[in-house]
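Quick notes on the structure that follows.
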Amino acid sequence: MSTPLPKLTPAAIKAAYAAARKQYAALGVDTEAALAALDTLPISLHCWQGDDVRGFEQAADLSGSGLATTGNYPGAARTGSELRADAATAFSLIPGPVRFNLHAIYAETAGEKVDRDQLKPCHFQLWMDWAKKLGICLDFNTSFFAHPKAASGFTLSHEDPEIAKFWLRHGQACRAIAEAMGRAQKGTCILNHWLPDGAKDSPADRWAPRHRLAAQLDKLLATKVDRRFCQDAVEGKLFGIGSEDYVVGSHEFYLAYTTSRENALLCLDMGHYHPTETIHDKISAILSFHKKILLHVSRGIRWDSDHVVIFNDDLRAVFQELVRGQALDRACIALDYFDASLNRIGAWVIGARATRKAALAALLEPATLIRAAAARGDQGSKLALLEEAKTLPLGAVWDQYCLRHGVAAGPAWLDTLAAYEKKVQSKRR
Ligand code: RNT
Ligand code: ZN
């Protein structure tokens, strides 16, 4: 980027906000209340966007996991310190509260080979120290992929009891780590379990792996942890590369599992459904019976479930549902995508800003007017008001939010990123 991008002055932001505030107030919307509500919503940033889901195990290889990053933009983080520095740079460009979401393959073992079933809280001490210094909380994930014992495409639901037991021990190890993280941060660490188990074509038996998975999950979730500190979640998926025909842990499997057991949250990943299926309509259905959900904010395109999140209708609809149902505090929000074709810090910032903007847009909806029109049976006015709401000055309120958080409003954050890229990322070979 050669010429610096325009910076909005605080005076210009404040003037635009004052006008926007009046415009919203005339429609019954309190922008100050919306901004205050926005500050109560943490967004968990996923460590794996920073290095294309590589992690720190030398041998880790994503092939066979159904996860694939494409692109060769230079400057990916190679170590824990680089990833931490990159993440902190992203945080400085994102207004509002953030968390950081780690995977087990990001353990730091000081050169010692530690297999997944032997991982301990001490292997995440540097992460915990860093989080404490920044005043943020951590979330965690079991890594059931990129490992020789995952090469067949099956892990926890494997027919070989020894392999299944290995992955069970991995899950147990991760629960102890998540609990330690939660204890250190004096607040819940969400531990998400996603496994790739599935088949490319026409499995002879769709039943047995599901019976095994349910039994293994029951064992895993029965091991004692303090649930104030470790809250498990399970994430379903429709298909992956190499598991096009059958995924053991499908959405329906986990929906039924979590409903019957009440020991884990259900995780919905926006990219894990049929290509034209969206998740917003599922939220009120699930939250009619579940206390909370975990959302993986992502963007599916064709066969890829993990494009960088943008401020689109799907994302807006998710937050409309949460706000309309007064359920913003019943959804844990975590980003999940990976793209190696652009600056990876930029990818974090784009997705996190889009997510928060979608939440703000929902909080600014002229809900009272829209509901009143619907209540009197005036469908035309309801639809017209929804349309008019789309062009209200959301941007002015967003800029004010950025200003209050000391984060660049508008595209000027790209200049900070370009400077960091030049000084830090471009030096990595
Ligand atoms: C994979 C799932 C899962 C992963 C991460 C790396 O399809 O979405 O959440 O993206 O665990
Ligand atoms: Zn996901």
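The values are calculated or read from the model by the stated rules, or taken from the named source; none is laboratory data. Just so you know, these numbers come straight off a predicted model, no measurement behind them. As a convention, Cβ positions derive from the backbone with ideal geometry for all residues, glycine included, and neighbour counts pool all protein chains shown.
When you check Val308 against the structure, is it at pLDDT 95 or above, under 15 Å from the mean Cα position of the chain (by Cα) and surrounded by fewer than 24 Cβ atoms within 10 Å (Cβ to Cβ), yes or no? Yes. Flag: Lys113 matches the condition of being over 24 Å from the mean Cα position of the chain (by Cα) and basic (Lys, Arg). Among the candidates Arg210, Arg169, single out the residue that is in contact (Cβ under 8 Å) with a residue 40 or more places away in the chain, closer than 14 Å to Arg116 by Cβ and more than 16 Å from ligand 1 (Cβ to nearest atom). Testing whether each residue is in contact (Cβ under 8 Å) with a residue 40 or more places away in the chain, closer than 14 Å to Arg116 by Cβ and more than 16 Å from ligand 1 (Cβ to nearest atom) leaves just Arg169. Being in contact (Cβ under 8 Å) with a residue 40 or more places away in the chain, within 12 Å of ligand 1 (Cβ to nearest atom) and not hydrophobic (A, V, I, L, M, F, W, C) is the requirement here; does Glu235 meet it? So Glu235 fits the description; yes. Screening Gly55 against (1) farther than 30 Å from Val248 by Cβ; (2) surrounded by 15 or more Cβ atoms within 10 Å (Cβ to Cβ); (3) among the small types (Gly, Ala, Ser) leaves a single unmet condition, (1). One residue stands out in segment 218-239 among those that are assigned to a loop (DSSP other than H, G, I, E, B) and away from ligand 2 (no atom under 16 Å from the Cβ): the one that is farthest from Ala164 (Cα to Cα), namely Arg228. Taking the listed residues Arg330, Arg302, the one that is within 16 Å of ligand 1 (Cβ to nearest atom) and either surrounded by 24 or more Cβ atoms within 10 Å (Cβ to Cβ) or under 26 Å from His193 (Cα atoms) (or both) is Arg302, with no other qualifying. In this structure, does Trp348 turn out to be within 30 Å of Ala409 (Cβ to Cβ) and of a type outside the set (Gly, Ala, Ser)? So Trp348 passes the test. Which number in (1) farther than 30 Å from Pro74 by Cα; (2) surrounded by fewer than 21 Cβ atoms within 10 Å (Cβ to Cβ); (3) touching a residue at least 40 places away in the same chain (Cβ under 8 Å); (4) not polar (S, T, N, Q) marks the one condition that Leu363 misses? Just one mismatch for Leu363, condition (2).
Applying a threshold of 9 Å to beta carbon distances and a minimum spacing of six or more residues, or different chains, the list of pairs starting in segment 92-115 at a residue that is β-branched (Val, Ile, Thr) and ending at one that is away from ligand 1 (no atom under 14 Å from the Cβ) and assigned to a strand (DSSP E or B) reads Ile94/Ile43; Val98/Ile43.
From the list Glu277, Glu252, the one residue that fits, being among the acidic types (Asp, Glu), more than 14 Å from ligand 1 (Cβ to nearest atom) and without any contact (Cβ under 8 Å) to a residue 12 or more places away in the chain, is Glu277.
The residue that is farthest from Arg84 (Cα to Cα), counting only those in segment 341-357 that are assigned to a helix (DSSP H, G or I) and hydrophobic (A, V, I, L, M, F, W, C), is Ala354.
Residues in segment 11-52 that are within 22 Å of Val349 (Cβ to Cβ) and surrounded by fewer than 12 Cβ atoms within 10 Å (Cβ to Cβ): Thr40 alone.
For segment 283-313, residues that are under 17 Å from Ala331 (Cα atoms), away from ligand 2 (no atom under 15 Å from the Cβ) and either β-branched (Val, Ile, Thr) or touching a strand residue (DSSP E or B) at 6+ places or on another chain (Cβ under 9 Å) (or both) total 6.
When Val309 is tested against (1) farther than 28 Å from Cys230 by Cβ; (2) touching a Gly at 6+ places or on another chain (Cβ under 6 Å); (3) not polar (S, T, N, Q), only condition (1) is not met.
Restricting attention to segment 378-407, the residues that are part of a helix (DSSP H, G or I) and either modelled with pLDDT under 95 or among the basic types (Lys, Arg) (or both) add up to 2. Residues of segment 338-376 that are polar (S, T, N, Q) and under 30 Å from Thr69 (Cα atoms): Ser341, Asn343, Thr355.
On inspection, Phe154 passes the criterion of being part of a loop (DSSP other than H, G, I, E, B) and either more than 28 Å from Gln425 (Cα to Cα) or at pLDDT below 95 (or both). Filtering segment 175-200 to residues that are under 21 Å from Ile293 (Cβ atoms) and within 16 Å of ligand 2 (Cβ to nearest atom) leaves Ile190, Leu191, Asn192, His193, Trp194, Leu195.
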